[in-house]
Amino acid sequence: MSTFFEAIKNRRSHYAINKEQVVSDEKIQEIINEAVLHTPSSFNSQSTRVVVLLNDKHDKVWDITAAELKKIVPAENFASTEEKLNSFKAGYGTVLFFEDQEVVEGLQKAFELYADNFPVWANQTNAMHQLVIWTALEEVGFGASLQHYNPLIDEAVAVEWDIPSTWKLIAQMPFGKPTAQPGEKEFKPLEDRVRFYK
């Protein structure tokens, strides 16, 4: 099988990760840059925005998340939430995925016939960026997972990293060196999921 499909197969959700450096920070930046440059987008809109947080910046985003969750999670239930957040914080870095709403709204105005579709297509574009970056990080030895603490953390994140007001937070991807293997993955029958006509 091609190396492409091997990479896709190897991409899994890793929740047990640590801060050990797997590749250089320059290599991480190269991976992100290549992914953002070459991942497709509807109407070539290039609306996805990515923020990479390493070192204390990575720790900070999970401290922010914990602080925001403390406001809404009952104290007696917070221990399990904190444990989960600490597992993300234990990693090497976090990728934040955004969609620039100014680009989306500009397309809606320029192509009114498709106006309702552009937010959907923007989310699809963002998902493609997530998959490409996730798979590329996996390929160099990192493990990652995808989290969604937005919109709870949006405002605090925007203030902390001077995020433009038009950028909408879509997902967070903590990554690090895997310290355990993910469990077995179950697959539903392909005959229920794929139809092939010739």
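The values are calculated or read from the model by the stated rules, or taken from the named source; none is laboratory data. Remember, it's a predicted structure, so these values are computed and weren't measured experimentally. A quick note on method: Cβ atoms are made from the backbone with ideal geometry, for glycine too, and the neighbour counts reach across all protein chains shown. The accessibility values were calculated without ligands, DNA or RNA, using every heavy atom of the protein model including side chains. Shrake-Rupley method; radii C 1.70, N 1.55, O 1.52, S 1.80 Å.
Worth pointing out:
- From HIS14, HIS38, residue being out of contact with any helix residue (DSSP H, G or I) (no Cβ under 7 Å at 6 or more places or on another chain) and surrounded by 15 or more Cβ atoms within 10 Å (Cβ to Cβ): HIS14
- Selection from region 144-198 of residues that are of a type in the set (Gly, Ala, Ser) and assigned to a strand (DSSP E or B): ALA144, ALA171, GLY176
- Taking the criterion of being farther than 15 Å from ASP154 by Cα, in a helix (DSSP H, G or I), open to solvent by 30 Å² or more (accessible area, probe 1.4 Å) and out of contact with any Phe, Trp or Tyr (no Cβ under 7 Å at 6 or more places or on another chain), the residues of region 50-80 that qualify are ASN55, ASP56, LYS57, ASP59, ALA75, GLU76, ASN77, ALA79, SER80.
- For region 1-49, residues that are assigned to a strand (DSSP E or B) and either among the hydrophobic types (A, V, I, L, M, F, W, C) or on the phi > 0 side of the Ramachandran plot (or both) total 1.
- Failed item in (1) more than 27 Å from PHE43 (Cα to Cα); (2) open to solvent by 30 Å² or more (accessible area, probe 1.4 Å); (3) touching a helix residue (DSSP H, G or I) at 6+ places or on another chain (Cβ under 7 Å), with GLN108 passing the rest: (1)
Quick grid of which residues meet (1) farther than 25 Å from THR39 by Cα; (2) small (Gly, Ala, Ser):
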position	(1), (2)
ASP100	no, no
LEU107	no, no
ALA110	no, yes
ASN117	no, no
THR135	no, no
LYS168	no, no
THR179	yes, no
GLU184	yes, no
PHE187	yes, no
